[in-house]
Every structure is written in C-alpha cells, then in structure tokens.
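Below is one structure, written out as structure tokens; comments come after it.
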Amino acid sequence: MIDLYTSPTPNGWKVSVTLEELGLPYRVFPIDLGAGEQKRPEFLAMNPNGRIPVIVDDGVVVFESGAILIWLAEKTGRLMPTDPVGRSRTLQWLMFQMGGVGPMMGQANVFSRYWHEVYQPAIDRYQNESRRLFEVLDRRLGEAPYLAGDDYTIADIANWCWVRTWRWSGV
Ligand SMILES: N[C@@H](CCC(=O)N[C@@H](CS)C(=O)NCC(=O)O)C(=O)O
C-alpha cells in the first residue's frame, strides 16, 4: 500500500494524477500547509525539506515530486519508456519542469500573489520567464504528440499540473 502525504497544489497533483493513471491503490493523508503541518517533526522525519508531496511505499519513503514520479514509473514499468533514449527524453522534460516551470511559476505566485509589497521587476522576471518556458513547451508539442515523443509519460503529467495554473501565476 502507498501512503500519500499531500495538499491540493501543483506538486501534490503530480503524484495524485500519476497514481490515478497507474491505477495503484493508495491512501491520502492531507497535510495542512497553512497550519504548518509540513514542518512538524513527524513530517520532517520523512522529508527533511518540510514540503509536500511525500509517499511511503511499503516502508520506503520518497520525497521530491519528480523522484516520486520516477519511482512510480520504474516500479510499474509504465509512463516512462524503458529504452535509454526514451527514458532520457522523459527525464529531460521532467527536469525541465522541476528546475524551470515549477520554480519560475512558484516565484511568480510568491511575488504577484502572496507578498504584500509590490516589487514589479521580480513579478515581470518570473512571469516572463514562465511564459518563455511555455513557449518552449508549445514548440515541442508542435513537433511531437507528447513531450518525450510518441509516448505519454510522467513528463507530461509533471508539466501539465503546473501549466494548467497559468492564470493564477498571471502568465
Ligand atoms: N521540489 C519540491 C517542491 C515541493 C514544494 O514546493 N511543495 C510546496 C507545495 S507545492 C510546499 O510544500 N510548500 C509548503 C512550504 O514551503 O512550507 C517537489 O517537487 O516536491
């Protein structure tokens, strides 16, 4: 059985969508981010970074959403090609989300939504960079049906869960 510690956010959705696509049985343990449950000792014992999502799969703890998606794909042999080139393409577009789309949109949210002070250069920087990354995705999806090529993979799930919130980020 897989236990999923999560909240309704893009990084949380990535794991929920993947579990649903794979049809794996799992239990959800909602984490109240506003109440700071992700900083409590019992949560930090699972993820020292104090952030959702985390899964515990038969006693194995996995944190970082990208690592969780890879774990689930490799465990089932689905949502990621097993040939080296297809696997690498999937990881490239997953890393593109983990290192680019997620952090840029996350900072766009912080500066345009959550901060009381308005610092326009930071808002512009993160919204423009998010938009630039969307254009990279758009071009890629103009030449292939899915990010990694012909196969639907965890890279599509990861990017979609963030990009679908474009309006909230003001992009
Ligand atoms: N790189 C991490 C980022 C996780 C992350 O930023 N989670 C957010 C919600 S989307 C969170 O837990 N925020 C609460 C906090 O920072 O205290 C991952 O992909 O798992």
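Throughout, read-outs are computed from the coordinates displayed, never taken from laboratory work. None of these values were measured; they are calculated from a predicted model. Cβ: placed from backbone, ideal geometry, glycine included. Neighbour counts: every protein chain shown.
Summary of computed values
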item	result
Sparse-neighbour loop sites [chymotrypsin sites (Phe, Trp or Tyr not before Pro); segment 136-171; at most 16 other C-beta within 10 Å; DSSP]	Y152
GNM top mover of G142, G34, G23 - the chain, alpha-carbon springs below 10 Å	G34
Summed side-chain charge close to W71 - residues other than W71 whose Cβ falls under 11 Å, Lys, Arg +1, Asp, Glu -1	-2
Considering only segment 1-149, percent of DSSP beta bridges that pair antiparallel, nearest 5	65
For V62, net neighbour charge (Lys/Arg +1, Asp/Glu -1) across residues whose Cβ lies under 12 Å away	-4
Cut-off 10 Å between beta-carbons: net charge of the residues surrounding L147, Lys and Arg +1, Asp and Glu -1	0
